[in-house]
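Participant: Handing you this structure, nothing more for now.
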There are 2 protein chains.
Amino acid sequence: MVVIESSQLPMAQDFSSFLSLEAAARKKSPLKGLLRFMKGDMLSLGGGLPHPSTFPFLSLSAEITAMRPGAVNGDTAPVKAKVARATELVTVPHAPQAGKIESLTTSLQYGMGTGITSLREFCKEHINRVHCPKYQDWDVMLSAGNTDAYAKVVAMLCNRGDKILVEEWTYPTALETIEPLGIGHVAVKMDEEGMSAVALKDLLDNWGSTPEQANEAKPRVVYLIPTGQNPTGATMSVQRRRDIIQVAQEHNLILIEDDPYYYLQFSAGRDQQQSDNGAIDGGTNAIGLMPSLLSLDTDGRVIRLDTFSKTLAPGCRVGYVSMNAHFCAIIQYHNEVTTQQPSGFSQGLLAEMLVSHWGQEGYTRYLTENVRTEYLNRCQHLQTSFRKHVNGNLASFIEPSAGMFIWIKIHLERHHRFGAVSDSVLMLDLFNKCVENNVLMVPGWQFSCKPKPADMDPADLLNVWADDQCTYLRATFAYATFEQMEEAMVRFGHSLDAAFSK
Amino acid sequence: MVVIESSQLPMAQDFSSFLSLEAAARKKSPLKGLLRFMKGDMLSLGGGLPHPSTFPFLSLSAEITAMRPGAVNGDTAPVKAKVARATELVTVPHAPQAGKIESLTTSLQYGMGTGITSLREFCKEHINRVHCPKYQDWDVMLSAGNTDAYAKVVAMLCNRGDKILVEEWTYPTALETIEPLGIGHVAVKMDEEGMSAVALKDLLDNWGSTPEQANEAKPRVVYLIPTGQNPTGATMSVQRRRDIIQVAQEHNLILIEDDPYYYLQFSAGRDQQQSDNGAIDGGTNAIGLMPSLLSLDTDGRVIRLDTFSKTLAPGCRVGYVSMNAHFCAIIQYHNEVTTQQPSGFSQGLLAEMLVSHWGQEGYTRYLTENVRTEYLNRCQHLQTSFRKHVNGNLASFIEPSAGMFIWIKIHLERHHRFGAVSDSVLMLDLFNKCVENNVLMVPGWQFSCKPKPADMDPADLLNVWADDQCTYLRATFAYATFEQMEEAMVRFGHSLDAAFSK
């Protein structure tokens, strides 16, 4: 294994010209300057912190899945016989205690916009192990989850009137976040590996050539979901990732890498050559996963969004953002005047669990063994059910190698009314048949980059198919039981047959 | 007690013309429309929720202070002999259970931008009991704390270039939040009761008469801290509150009532006549506290920010915003694309504690007995220490009737160099003497509405007094032990003597 000394790595480039008006005006609070006097015998009547003796919480604990070496980790798949899972009790005491990483006295107190040190350092070490960034001055900020982090990153990089480059089918919230801010988006063509680097390059090489682009500044921010893309399930190959980075360098782009499904890579390690060093050499990385865009970035132009929502639980409302130190400071200042930091219950429990109980090894095993295996089993079960109950001539999907979704293409060209009425009419009819048969999937148009109707009630949803180019439905294997998935495919098969039959 | 039927109350006025560009463009996500199909036998492969069986948290519990009738509540003041506090164990099970309000299955799952129903309903009922709003269509949204709620309220009401009216000394974060957004502020004179209604009226009656106002739109949003104001400690009388509401009606203003210290009212019930009905008739309200601006508002023009930060613990990162239903919907949509909702650990624990263990009565007793008593004792102790160790000819303060702060005026006119050098020089000299003597208070200029230097390190702080009109220091009695408070006053007394002595 080739170890590169951090000091041999380059420093991040200067991206200060990318800051929005808002971000350029963010600054450190003078009040925080006082904290630095707090040493030695100093008595402070400064910061208005409530005394911890007033907290009515005297201790906090959670029973968690054990990830110690030798602990028995049961299969969590609902259809299989339950094996007793080894559990442990994580406790956070009221006051600091020997052998404890956190106490309620500190984790329930006001803190910095960075998140608490123990958890932040754990996340940073994890990023270093898994992604091994290729420049020196990167850092990590805790966030209140990826949606909040994304909103702050957008506020840092975009002014009203700017446009962000996005995949042609994308996570609806990513667009709903920017639209009210007067920030637009430009769709980039996708293929089975996600955003096309060729299409991205073409779009930017020829920017200004269409009438609507004539007076528009060239976009310089890209939002993308490289692994288990939502909604298409597409995962970028290593080569695609390199190509995207290369276009980003050519056109001086910032890449927002939203990667909540990173650990749900089903083919992890399979058929792929493992590299020596953070996966820059063609294969997967040290834990058998695809190299992230962050790990391929030598400039500090990738902002990577990680979250505990898909690996521990959405309700943690904790994520972490990895990026160059300058951007980190801006996000920290923004946190200080909004969310401040994630919940102290979340941070305290996660710190104790991850640092004191699981450790880096245990957390990695949890991700690659427990979480990945669960979703791999679920994915396979939905695919098997589909093949068993759905007519493959009428609907098909590309097998996802990561994530939570399958993106089902409906072969309308085999519908007897194809061409006689619009695709929208046929898709809406199919969606309504599904609802009649009590199976619900998400209409593909909801992931479209085209303008969408607002304030819909269910009756409206049954009357609208908002993108005539969209002949897809999104199904997830994340939530339903195995029996429910199979029954859902039975109902979908019937709905499809009915919709195509006359 | 006069009970007014809700249906007899007026509806909120239409404030839609107050919405910012951003807020006017916010809309409900079409994805959420799908939730409404979820009834009967519907099988969903729709929403990408992780299955709860993947959560590694099997149960959650916290030892809390008991507030059942008859439970012994010990005094929490650190200097006094500790009485054993009655405690109880709050537990949140993994799956829903009879007799339990919440489970991790739901509280750690994705949810709505409103916060979880059980906790939100508890907060709404609490608001109704304590503040008894005087119009029909008010509602409550959970927030990630008052700083986040304030940032969202500002985003709802203000565009770049707008100005907000604020108290002449105010919470620095309130200004640091708006400055990067290009939103300005206009200071309104204060007296010992906080913002002056006369000054507010004068300012608005004569808006446009000064050169700098000539091309400025008249501000229509006021931010104020009516109770235990930060930093001055001022609390508005009932009459002042009525006067402010009247000016708001005359000039059609929205009032942002930031009220984190509401329950820290030391004179609660004292000398005041209790009213029959939510305190509109001249006295305090049903629990012996000052009527809030919300409780005096018949139009829906008050946005009230409450937080658990000062009453339970800052690390909860949970607050709640009470306002007209139209504004509530905008904040909900904003939550959906940013914080989503507070941490599920926080929400689950708070819901179980407040709903199942304490109840409305227990929570009110906790606020008025435990929290209020703690801060009343602390406040009195700091005042006693001040009188014992500080020369009252050189420094004085107005006794606060609420909050966490005393606002110490330095009588520079008694300094032998007064007039020979600027007040800033004398104040900076005093601050440096305090630091030398190891006692830290916040330089008053940090609460000034004037522009402040940024990115200061401690050395800078010792070289800058950024507002020549400011001859104050802010001290808090919230955090230090009783011994520390007394010793701090000894050191402050020495520093003051030294600064004035030659």
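Participant: Return the whole-Å distance between the Cα centroid of region A:299-350 and the Cα centroid of region B:458-502.
Facilitator: Region A:299-350 and region B:458-502 have Cα centres spaced 36 Å from each other.
Participant: Can you give the Rg to Rh ratio of region A:113-232, both from alpha-carbon atoms, with Rh computed by the Kirkwood formula?
Facilitator: Across region A:113-232, the Cα-based Rg/Rh ratio is 1.01.
Participant: What's the exposure ranking of B:156, B:11, going from fewest to most Cβ atoms within 10 Å?
Facilitator: Ordered from fewest to most neighbouring Cβ atoms within 10 Å, B:156, B:11 come out as B:11, B:156.
Participant: Expressed as a whole number of Å, what is the distance separating the alpha-carbon centroids of region B:13-50 and region B:230-259?
Facilitator: Value for the Cα centre distance between the two parts: 34 Å.
Participant: Between copies, how close do the residue A:191 label points come, placed 7 Å along Cα→Cβ, listed in nm from shortest?
Facilitator: 7.6
Participant: I need the shape label for the protein assembly as shown. Rule: rounded when a/c is under 1.5, else prolate if a/b > b/c, else oblate, with a, b, c from the alpha carbon gyration tensor.
Facilitator: It comes out prolate by the Cα gyration axes.
Participant: Find the eigenvalues of the gyration tensor of the Cα atoms of chain A, then list the square roots of 5 times those eigenvalues as equivalent ellipsoid semi-axes, largest first, in whole angstrom. Before the final figure, lay out the partial values.
Facilitator: Working: eigenvalues 314, 172, 105 Å².
Computed over chain A, the values are 40, 29, 23 Å.
Participant: Output the antiparallel fraction of DSSP beta bridges having both residues in region A:109-362, as a percent to the nearest 5.
Facilitator: 45 percent
Participant: Along Cα→Cβ, 7 Å out, is where each label goes; now give me the distance between the ones at residue A:21 and residue A:206 in nm to one decimal.
Facilitator: Once both label points are built, they end up 3.4 nm from each other.
Participant: Going 7 Å from Cα along the Cα-Cβ axis for the label, what nanometre distances separate residue B:10 from the same residue across the other copies?
Facilitator: Result, one decimal in nm: 6.5.
Participant: Now a separate question. In peptide A:171-180, how many Cβ atoms from other protein chains are near each Cβ within 10 Å, on average? Mind dumping the intermediate values first?
Facilitator: Values: counts 2, 5, 6, 1, 2, 9, 4, 1, 5, 13.
Other-chain Cβ atoms within 10 Å of each residue's Cβ, averaged: 5.
Participant: Across 5 Å bins from the origin, how do the percents of Cα pairs in region A:366-501 run, short distances first?
Facilitator: Whole-percent P(r) values from 0 Å outward: 2, 10, 19, 23, 19, 14, 8, 4, 1, 0, 0.
Participant: Roughly how big is region B:111-342's charge dipole about its Cα centre, with Cβ charges of +1 (Lys, Arg) and -1 (Asp, Glu), in debye to the nearest 20?
Facilitator: The calculated dipole for region B:111-342 is roughly 360 debye.
Participant: Take the alpha-carbon centre of region B:186-224, take the same for region A:156-225, and report the distance between them in whole Å.
Facilitator: 43 Å
Participant: If we hang a label 7 Å off Cα along the beta carbon direction at residue A:39, how far is it from the matching labels on the other copies, in nm, shortest first?
Facilitator: The answer, with the shortest distance listed first, is 6.4 nm.
Participant: Which of the residue pairs A:27/B:218; A:134/A:189; A:433/B:152 have a Cα-Cα distance greater than 32 Å in the structure shown?
Facilitator: Working: A:27/B:218 28 Å; A:134/A:189 29 Å; A:433/B:152 41 Å.
From the list (A:27/B:218; A:134/A:189; A:433/B:152), the Cα-Cα distance tops 32 Å for A:433/B:152.
Participant: Can you give the helix-only mean residue ellipticity at 222 nm for chain A, where every DSSP H stretch with n ≥ 4 adds -39500 (n - 2.57) and the sum goes over all residues, rounded to the nearest 500 deg cm²/dmol? Present the calculation step by step, with values, prior to reporting the outcome.
Facilitator: Numbers: 16 runs with 155 residues, N = 502.
Computed mean residue ellipticity for chain A: -9000 deg cm²/dmol.
Participant: For the protein assembly as shown, what is the percent of antiparallel DSSP beta bridges, rounded to the nearest 5?
Facilitator: On the way: 67 of 105 bridges.
Beta bridges within the protein assembly as shown, antiparallel portion: roughly 65 percent.
Participant: Here's something else I'd like to know. Mind checking B:479-490 for the average number of partner chain beta-carbons within 10 Å of each residue's beta-carbon?
Facilitator: Taking all residues of B:479-490 together, the mean is 3.
Participant: Given charges of +1 on the Cβ of Lys and Arg and -1 on the Cβ of Asp and Glu, with all other atoms neutral, how large is the dipole of chain B about its Cα centre, in debye to the nearest 20?
Facilitator: 680 debye
Participant: For residue A:395, what residues show an amide H to amide H distance below 5 Å, using hydrogens built from the backbone and excluding near sequence neighbours?
Facilitator: Correct list: A:411.
Participant: Moving on. Sorting check: for B:370-382, B:419-431, which peptide has the highest mean count of neighbouring beta carbons within 10 Å, and how do the rest follow? Write down the numbers at each step before the final one.
Facilitator: Values: B:370-382: 20.2, B:419-431: 17.3.
Ranked from most to least packed, the peptides come out as B:370-382, B:419-431.
Participant: Work out the charge dipole of chain A with +1 on the Cβ of Lys and Arg and -1 on the Cβ of Asp and Glu about the Cα centre, then indicate which of A:141, A:397, A:89 is farthest towards its positive end.
Facilitator: After comparing all options, I get A:89.
Participant: Still on this structure, I have one more. Using the crude model of +1 on Lys and Arg Cβ and -1 on Asp and Glu Cβ, and no other charge, please compute the dipole size for region A:300-391 relative to its Cα centre, in debye to 20. Could you put the intermediate results ahead of the total?
Facilitator: Values: 9 positive and 6 negative charges, 109 e Å.
It works out to roughly 520 debye.
Participant: With a ≥ b ≥ c the root eigenvalues of the C-alpha gyration tensor of region B:111-342, is it rounded (a/c under 1.5), prolate (a/b larger than b/c) or oblate?
Facilitator: Note, shape of region B:111-342 comes out oblate.
Participant: Now for a separate question. Over all residues in B:31-40, what is the mean tally of Cβ atoms on other chains that come within 10 Å of each residue's Cβ?
Facilitator: That works out to 5 on average.
Participant: Among A:286, A:111, B:358, which residue has its Cα furthest toward the positive end of the charge dipole of the protein assembly as shown, with +1 on Lys/Arg Cβ and -1 on Asp/Glu Cβ?
Facilitator: B:358
No value in this document is a laboratory result; all are computed from the given coordinates. The model shown is predicted, which means the values in this text are computed figures rather than measured ones. Glycine also receives a Cβ, built like all others from the backbone with ideal geometry; neighbour counts cover every protein chain displayed.
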